[in-house]
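Please read the structure below before turning to the comments.
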Amino acid sequence: MVAEAENEHPPIPEIARIGIVGAGQMGGGIAQVAAQSGFDVRLLDVDQARLDDALGRVRDGLERLVKREVIRDDEVRASLARIRTGLDYDMFADVELVIEAASENEEIKRKILQSLLRVLRPEAVIATNTSSISITRLAATTDRPERFIGMHFMNPVPRMNLIEVIRGIATQEDTYRAVRTVADKMGKESVTAEDFPAFIVNRILLPMVNEAVYTLLEGVGNVESIDTAMKLGANHPMGPLELADFIGLDTCLSIMMVLYDGLNDSKYRPCPLLIKYVEAGWLGRKTKRGFYDYRGEVPVPTR
Ligand code: NAD
């Protein structure tokens with residue numbers, strides 16, 4: 001049965017060219033890793049300035065690797081030469097895989113998928129890097145749910161070794177295998193997650209962060225004691241509040257809401273103190289204030 005179903009769709013060619021939509025934190029990182037791994041990369045955004053920034057970050061990232069003697073100087077040039085940037089979907093006409101890494105907004109992602117379908121080869125695979133939107137629901141808006149999959153990279157992409165691979169209800173086995181092969185070529189470990197809210201990493205990590213904020217709210221500990229306790233007591237490289245500031249408190253809150261709404265379970269209710277920080281615009285490192293104040297030489301706890 002499975003083999004028959006797979007025959008309905010043209011076979012997936014070897015993946016050598018990857019299109020990436022969205023040149024933000026994630027898209028830029030994915031472009032770097034893909035180019036370093038020998039893939040031809042086409043990076044698209046709606047904003048030329050974001051493309052220029054992303055290329056600058058890729059260059060800086062590669063040069064840091066030269067300084068640390070991980071790669072040679074000529075590899076920087078070769079990797080950069082493999083990345084083409086642009087604002088027009090036509091450059092995706094010959095790619096075998098697209099990774100959608102634009103803003104986390106379902107409406108935006110749906111529009112991008114429609115633009116992609118106008119130019120993509122019928123056998124091309126579409127992956128999305130969404131952290132929270134249902135893969136199955138996004139897949140259903142395309143002409144190829146069996147060639148649609150989640151490829152959830154971790155931030156920062158060049159440094160984090162994991163990719164969560166998420167199958168939608170219609171995703172075919174050959175699509176899954178093709179994407180795992182790409183992950184291998186990028187030197188990443190992949191784990192398979194089912195298509196449930198927040199997948200594996202965020203499903204486990206964010207409730208821990210949320211619980212740390214409750215621990216703070218209830219006065220069980222202060223910012224410093226909570227982070228020190230988890231670093232030394234659980235051997236975590238970063239304390240949960242430091243980590244929340246790194247992820248962005250707005251992002252933490254939105255992932256908790258996805259869990260709360262998607263799983264309909266009160267155990268995922270976001271901590272009122274987390275909501276208060278977001279309302280204050282204290283979103284963590286990116287706004288220079290969160291559970292720590294980053295405006296001075298060293299971060300200072302805000303509680
Ligand atoms: P970001 O805000 O840094 O970048 C988003 C980019 O998308 C921007 O450059 C923006 O100009 C572009 N964009 C917006 N609308 C577009 C459109 N219509 N067409 C093309 N480009 C468009 O966001 P990010 O942190 O890189 O996140 C991107 C995706 O990756 C999201 O789905 C997010 O959930 C997911 N993700 C983020 C993280 C993280 O830690 N930041 C981790 C894993 C996955």
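A few comments on the model shown:
- Residues in region 94-113 that are within 12 Å of the ligand (Cβ to nearest atom) and either among the acidic types (Asp, Glu) or surrounded by 19 or more Cβ atoms within 10 Å (Cβ to Cβ) (or both): VAL98, ILE99, GLU100, ALA101, ALA102, GLU104, GLU106, GLU107, LYS109, ILE112, LEU113.
To keep it simple, each residue is scored yes or no on (1) closer than 30 Å to GLY168 by Cβ; (2) among the polar types (S, T, N, Q); (3) more than 16 Å from the chain's Cα centre (by Cα).
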position: ASP195; (1), (2), (3): yes, no, no
position: VAL223; (1), (2), (3): no, no, yes
position: THR228; (1), (2), (3): no, yes, yes
position: LYS231; (1), (2), (3): no, no, yes
position: GLU242; (1), (2), (3): no, no, yes
position: GLY281; (1), (2), (3): no, no, yes
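- Candidate set from region 203-212 (those that are closer than 13 Å to ILE255 by Cβ and either at pLDDT below 95 or of a type in the set (A, V, I, L, M, F, W, C) (or both)); member that is surrounded by the most Cβ atoms within 10 Å (Cβ to Cβ): LEU206
- Residue count for region 172-198, restricted to those that are at pLDDT below 95 and on the phi > 0 side of the Ramachandran plot: 1.
- Within region 48-62, residues that are in the same structural domain as GLY29 (by TED's automatic domain parsing) and under 14 Å from ARG77 (Cβ atoms) have Cβ atoms under 7 Å from residues that are hydroxyl-bearing (Ser, Thr, Tyr) and not in a helix (DSSP H, G or I) in these pairs: LEU55/THR85, counting only partners at least 6 apart in sequence or on another chain.
- Residue match in region 133-141 (condition: in contact with a Lys or Arg (Cβ under 7 Å, 6 or more places away or on another chain), hydrophobic (A, V, I, L, M, F, W, C), within 16 Å of the ligand (Cβ to nearest atom) and part of a strand (DSSP E or B)): no
- Residues of region 193-220 that turn out to be under 18 Å from PRO270 (Cβ atoms) and of a type in the set (Gly, Ala, Ser), as a count: 2
- Some residue of region 188-207 being more than 25 Å from GLY29 (Cα to Cα) and either hydroxyl-bearing (Ser, Thr, Tyr) or in contact with a Gly (Cβ under 7 Å, 6 or more places away or on another chain) (or both): no
- Taking region 1-93 and the strands (runs of 3 or more DSSP E) fully enclosed by it, the elements with 3 or more residues that are touching a helix residue (DSSP H, G or I) at 6+ places or on another chain (Cβ under 6 Å) and either farther than 29 Å from ILE108 by Cα or within 14 Å of the ligand (Cβ to nearest atom) (or both) are at 17-21.
- Residue in region 166-178 that is within 14 Å of the ligand (Cβ to nearest atom) and buried (at least 17 other Cβ atoms within 10 Å of the Cβ) present: yes
- Among residues of region 276-301 being among the aliphatic types (A, V, I, L, M) and surrounded by 15 or more Cβ atoms within 10 Å (Cβ to Cβ), the one that is nearest to ASP227 (Cα to Cα) is LEU283.
The values are calculated or read from the model by the stated rules, or taken from the named source; none is laboratory data. Predicted model only: the values in this text are computed from it and were never measured. Please note: Cβ atoms are built from the backbone with ideal geometry, for glycine as well, and neighbour counts cover all protein chains shown.
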